[in-house]
Amino acid sequence: MTASRDIARDGPAPVTARAVSARGLASWLNSSKGLGLVLLAPAMVLVVLFFLVPVVVTGLIAFTNMSTATGITGGAYQVSPSALRVLTDQHGMGALAERLGQPTYTVDEQGLATLEEMGIEPGIVAGLRERHLGETYSSRREFERAIRALPERPATRTVKRISAAFSRSLANERFASAGALIAAAEAVEPDLDAAEKQALVEATYTGWTWTSENFRRLATSRDTERVFFNTLFFVATTLVLFNTGYAMVLAIATHYIPERAAGIFRIIWFLPRISPVVIYVLLWKWLAWDTGFLSALLSNFGVRPRNWMLDSATNAWVFVILINGFVGASMGMVIFASAIKAIPQSLFHAAAVDGAYRWQQIRHIILPHLKWPILFVTCYQTLSLLTSIDQTLLSTDGGPGGATEIWSLWIYHTALNNYAGNLQYGYGAAMALVLVVIGITLSLLYLRLFNYNALIIKPRIEH
Amino acid sequence: MTPRLSKTAAAALVLAMGAGGASAQNVTISVWAGGSGPNDNYRVDAIEMAADILEREAAIRGETLEITVDKKLDSTWDDFKQAVTLAAEAGNAPHILVTGHEDIAPWAQSGLIVPVEDYLNLDAWPINDIYDNLMEIASYGGIQYGLPQDAESRPFFFWKEHMRAIGYTDADLDALPGRVEAGEYTLDNVLEDARKMVDQGVVEAGYGFYPRPSNGPDYWQFYTSFGGVMEEDGKLVFDRAAMQRFYQFFVDAVEAGVTRKNHIGTPWDQWYAEVASGKAGLWHGGTWHYARYTNQEGLEDFFGSIAFSLIPAGEGGKPNTLTHPLVYVLTAQDNEDEVAIAAELVKIASEPRINTLHAIKSAHLGIAHQQSNIDLYANDRWAREATERLLPFANAMPNNTDFGTYWNAMWSGLEAAWTGQKTPEQAVADVEAELKNSLGEAIVIR
């Protein structure tokens, strides 16, 4: 029982029901649990909006075949040549496809009546009846030529309306709903059976459908393994060498040098993080291009100029890891340095008195005190490296030959970048979902590994 | 009544009401063009010129029509396509798009674009003067979805001075385009000559054959050169042997030291500066490169410095070039009236005289027969020679929803083989596996 709750309970008795609820609310707010929830609420809203909702939506899209071609908001039913081919090849309904899909324009009384209803000028209707009644055209262009040759030549928009009124097939028609499609199909072909209707609806649907195909494709694609190991290598190497390793070196080094010099040193190492990423990567490119600094410098020693960044897979990895690592190291450095500062100076003095070397101080004082910051940095940076895309996209774009294609970049290339305009949202989302699962699994693993509960000190005041 | 009919009827009703009531109409028509550099401004400016004409036509009919054209040029393709698709999903698509013809298939399926033939009389001027093959490329499934905005083709280039240095005479150079066309000068000769240039120190190692530094339609030409076919009867085709010969060619070029292993990813600015200044011996590009070489890069005597031809044949194939026409397409809008106006605008913008402004300024090829009767076009040596020498042999990529997936796989295989990550055999096998996996029955593998 908390102290605050006790106070609330000991208060004067409520007078009215309204006061009771107000008092209840106040007492609930006064309790640390209630207040905690209220204070956490904004964070919860943010978590839901920016984590849970995107993850759920990604999860849903991952089970669709959504792409630019299918659209996101839903599809229509179009009797296109490719739909007719599906009807012929996959459903064996070639004859039906032929009857529905062959453009046919027939000048008949039914069509003429429609024109009259539409308010088309009587002269035009009369002209059509007189000259073309009973004729059939298999091309819209031909029929429209005939319409334009009438004595009263209609305007282009009217020609389009007239030809539509005489269309007796579904060739290239687009319907908003399956019902409309079937109704129109029955007008052309009255004896459709259920199987034919079903096949027609399936073959002509242009929108996305639910499928687990993306995961089968991902599991069997040869690229998956390659990109997976690329990502593993990238994350592990950058994390160990730079984001924690080098960050720790920097933090400890600056701990042992005079305060002022240490400050300047840290600021310099902060530059990669605070400079705009495009400019930062451009500087690296200038360094590495075959007309860049490295080539210019080395050409003095007889080394042939080359694009050092994309010269080989090894070079590309060195650059990708350096570019990402220099940005990542600064964060670890700041966190570790401040954690080292928080260690009581007396420990260092005592160790010095006992004759401990620097290395012994690091090994027995600093590192044990840094367990929690190391967990935090490792965990945070693993996730951030897994999803990191900007530096790699701007520097190698996954090259040379896909050697530095990492998972997040692969998602981008699949879902948001296609030369021929057909972006594969569904497949990309399936890839992203895999990344989310990996991220969550790793986080849980880290918490377990570092014994999270032991690291949390329970607030003593509550006990 | 079919949906299209009812839509058209509704639109006509709106038009009729507009005509009956106050006839003043103010509309803003937005046009976005992708992959457009500083020389390509007439892609969107033509719409503005068309708007002026349409306003005057309306004025003569006694209507007041005021059109504001909202123009946007995007220098990249990836960002442009991303922006267009996302804008369309959000319901903010611009009225007119200038894009590659290959976008028609996916965008038509998704309903992002509407057929121009629903709004235009295809027998009317200037549409009836546009080359039939270009009109065909701007259609999908027999429906005219777009109007060609420009045409181009992608020649193979030779730096004459370097060719002379390895023993070609001026007469040889003049005969070269003909020999390429006849299939006598092949991609084997390309490697041979490039190697001579490197061995004799005429160009630096890696600069003998200096291909396009990034992914692009150009690479399908080499697949075609080695006998590959992209599509047959509406189905994509993956020709294993042709693909392997095509990959092998680039691997051979790297091994011979005439092409750099790390060539892909070379910055475009550097690339243009190098090929326009004679740093490379043989390379390939596009007809629009003429404008870049002679304007930005300061190449003064183009015809004295550079010879051009079709892409030479390889084993099992024929010499060819690829045309990748950009097209004007109309997006689906709530306001049918605006779509109809946009349709009129792209029609007028296809006027040979207006299109010639774009063709000559950007060094693209014309879209219509009559352009050869316009002095600006006919007096331009580049437009004339490139049209005659290249356009009759031009292929185009198929309008097929799955082509993007095929293209991505082809490119990743080429990149992997070129940079030595995989052997050509492995790369082809991986592309095949990937295509079977992703496209299944939609692609014929042979």
Exercise for the section: Please report the Cα spread of chain A along all three principal axes, rounded to whole Å, starting with the longest. Expected result: 117, 94, 41
Practice task
Using only Cα atoms, locate the centre of the range A:339-376 and the centre of the range B:165-235, then give the distance between them in Å, rounded to an integer.
Solution key: 67
Problem - Estimated FRET transfer efficiency (B:Asp233, A:Arg304; beta-carbon r; R0 45 Å; 0.05) - result: 0.35
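Quick one: dipole size for the range A:77-204, taken about the Cα centre, charges +1 on Lys/Arg Cβ and -1 on Asp/Glu Cβ, in debye to the nearest 20. Please report the intermediate quantities before stating the final value.
On the way: 15 positive and 19 negative charges, 138 e Å.
Once rounded to the nearest 20, the dipole reads 660 debye.
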Handout entry: Two-site label geometry, A:Ala356 and B:Asp132: point separation in nm, points 7 Å out along Cα→Cβ
Key = 9.1
Exercise for the section: Relative to the longest principal axis of the C-alpha atoms of chain B, give the angle of the C-alpha long axis of helix B:78-89, reported between 0 and 90° and rounded to the nearest 10°. Expected result: 30
Handout entry: Förster radius 45 Å - calculated FRET efficiency between B:Ala433 and B:Asn295, Cβ distance, rounded to 0.05
Key = 0.50
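What average count of beta carbons from other chains do you get within 10 Å of the Cβ of residues in A:400-411?
3
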Practice task
For A:Glu135 paired with B:Asp172, estimate the spin-label separation in nm (one decimal), with each label point 7 Å from Cα along the Cα-to-Cβ line.
Solution key: 6.3
Practice task
Using +1 at the Cβ of each Lys and Arg and -1 at the Cβ of each Asp and Glu in the range A:217-462, identify which of A:Val327, A:Leu445, A:Leu423 lies farthest towards the dipole's positive end.
Solution key: A:Leu445
Exercise for the section: Straight distance only, please: which aspartates and glutamates reach the Cα of B:Lys422 with their own Cα at less than 20 Å, same-chain residues fewer than 8 apart left out? Expected result: A:Asp223, A:Glu225, A:Asp311, A:Asp397, A:Glu405, B:Asp239, B:Asp252, B:Glu255, B:Asp430, B:Glu432, B:Glu434
Practice task
For the range B:271-338, evaluate the Debye formula with one uniform point scatterer on each Cα (no solvent term) and list log10 I(q)/I(0) at q = 0.13, 0.15 Å⁻¹, rounded to two decimals.
Solution key: -0.56, -0.65
Exercise for the section: State log₁₀ I(q)/I(0) for chain B at q = 0.10, 0.11, 0.14 Å⁻¹ as given by the Debye formula over alpha-carbon point scatterers of equal weight, solvent excluded. Expected result: -0.74, -0.88, -1.32
Fill in the blank from the handout: Counting sequence-distant residues (5 or more places) and residues on other chains, those with an amide H built under 5 Å from that of B:Asn320 are B:Ile311
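Only four residue types carry charge here, +1 at the Cβ of Lys and Arg and -1 at the Cβ of Asp and Glu. Report the dipole size of the range A:267-407 about the Cα centre in Debye, rounded to the nearest 20.
On the way: 8 positive and 6 negative charges, 80 e Å.
Here the size comes out at about 380 debye.
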Exercise for the section: May I ask you to order B:423-431, B:372-380 by the average number of other C-beta atoms within 10 Å around their residues, highest value first? Expected result: B:423-431, B:372-380
Handout entry: Residue-averaged beta-carbon neighbours from other chains (10 angstrom radius) around A:114-124
Key = 1
Completion exercise
With +1 at each Lys and Arg Cβ and -1 at each Asp and Glu Cβ, the charge dipole magnitude of the range A:217-462 around its Cα centre, to the nearest 20 debye, comes out at 480
Practice task
Starting at the first residue of the range A:309-315, write each ³J(HN,Hα) from the Karplus equation 6.51 cos²θ - 1.76 cosθ + 1.60 with θ = phi - 60°, in whole Hz, x for Gly and Pro.
Solution key: 5, 10, 5, 8, 4, 4, 4
Completion exercise
Within the range A:47-75, the residues whose backbone N lies under 20 Å from a label point placed 7 Å from the Cα of B:Asn92 along the Cα-to-Cβ direction are A:68, A:71-74
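What full-extension length gain, to one decimal in nm, is calculated for B:Arg164 and B:Arg240 as 0.36 nm per residue of separation minus the Cα-Cα distance?
Numbers: separation 76, 0.36 × 76 = 27.36 nm, distance 3.74 nm.
Answer, rounded to one decimal: 23.6 nm.
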Practice task
Please report the base-10 log of the normalised intensity I(q)/I(0) for the range A:77-204, using a Debye sum with one equal scatterer per alpha carbon and no solvent, at each q in 0.10, 0.18, 0.20, 0.23 (1/Å).
Solution key: -0.35, -0.92, -1.05, -1.24
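Compute the Cα gyration tensor for the range A:218-278, then decide on rounded, prolate or oblate, letting a ≥ b ≥ c be the square roots of its eigenvalues: rounded whenever a/c is under 1.5, prolate when a/b is larger than b/c in the other cases, and oblate in all that remain.
Values: a/c = 7.87, a/b = 2.53, b/c = 3.12.
Verdict is oblate for the range A:218-278.
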Completion exercise
Taking a crude spin-label model, label points 7 Å out from Cα along the C-beta direction, the A:Leu347 to A:Leu60 distance in nm is 5.0
Exercise for the section: Convert each backbone phi in the range B:168-181 into a coupling constant with the Karplus relation 6.51 cos²θ - 1.76 cosθ + 1.60 (shift: θ = phi - 60°), then list the ³J(HN,Hα) values in order as whole Hz, x for Gly and Pro. Expected result: 7, 8, 4, 5, 4, 5, 5, 7, 4, x, x, 5, 5, 4
Exercise for the section: Calculate the length of the line joining the C-alpha centroid of the range B:125-142 to that of the range B:262-322, in whole Å. Expected result: 29
Handout entry: FRET efficiency, B:Lys318 to A:Val47 (Cβ-Cβ, R0 56 Å, nearest 0.05)
Key = 0.35
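On average, how many beta carbons from a partner chain sit within 10 Å of the beta carbon of a residue in A:65-77? It would help to have the intermediate numbers written out before the result.
Working: counts 0, 0, 8, 16, 11, 5, 9, 6, 6, 1, 3, 4, 1.
Per-residue shielding by partner chains comes out at 5.
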Problem - Rounded Å value of the spacing that divides the Cα centres of the range B:389-446 and the range A:266-282 - result: 39
Practice task
Pull up the cross-link candidates among the lysines for A:Lys371, meaning alpha carbon to alpha carbon under 30 Å and not fewer than 8 places away within one chain.
Solution key: A:Lys33, A:Lys341, A:Lys458
Exercise for the section: Calculate one ³J(HN,Hα) per residue across the range B:358-364 by plugging θ = phi - 60° into the Karplus curve 6.51 cos²θ - 1.76 cosθ + 1.60, and present them in order as whole Hz with x for glycine and proline. Expected result: 5, 4, 6, 4, 9, 6, 9
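Longer than 31 Å from Cα to Cα, which of B:Lys279/B:Lys361; A:Lys160/B:Lys361; B:Lys71/B:Lys160; A:Lys285/B:Lys361; A:Lys160/B:Lys71; B:Lys235/B:Lys261 are they? Say none if no pair is. Present the calculation step by step, with values, prior to reporting the outcome.
Numbers: B:Lys279/B:Lys361 26 Å; A:Lys160/B:Lys361 36 Å; B:Lys71/B:Lys160 41 Å; A:Lys285/B:Lys361 33 Å; A:Lys160/B:Lys71 29 Å; B:Lys235/B:Lys261 34 Å.
Checking Cα-Cα distances, A:Lys160/B:Lys361; B:Lys71/B:Lys160; A:Lys285/B:Lys361; B:Lys235/B:Lys261 exceed 31 Å.
For the protein assembly as shown, which semi-axes, largest first and in whole Å, follow from the square roots of 5 times the eigenvalues of its Cα gyration tensor? Present the calculation step by step, with values, prior to reporting the outcome.
Numbers: eigenvalues 621, 368, 129 Å².
They are 56, 43, 25 Å, listed from largest to smallest.
Every number in this text was worked out from the coordinates using simple rules, so none of it is lab data. Computed from a predicted model, the values in this text were never measured in an experiment. A quick note on method: Cβ atoms are made from the backbone with ideal geometry, for glycine too, and the neighbour counts reach across all protein chains shown.
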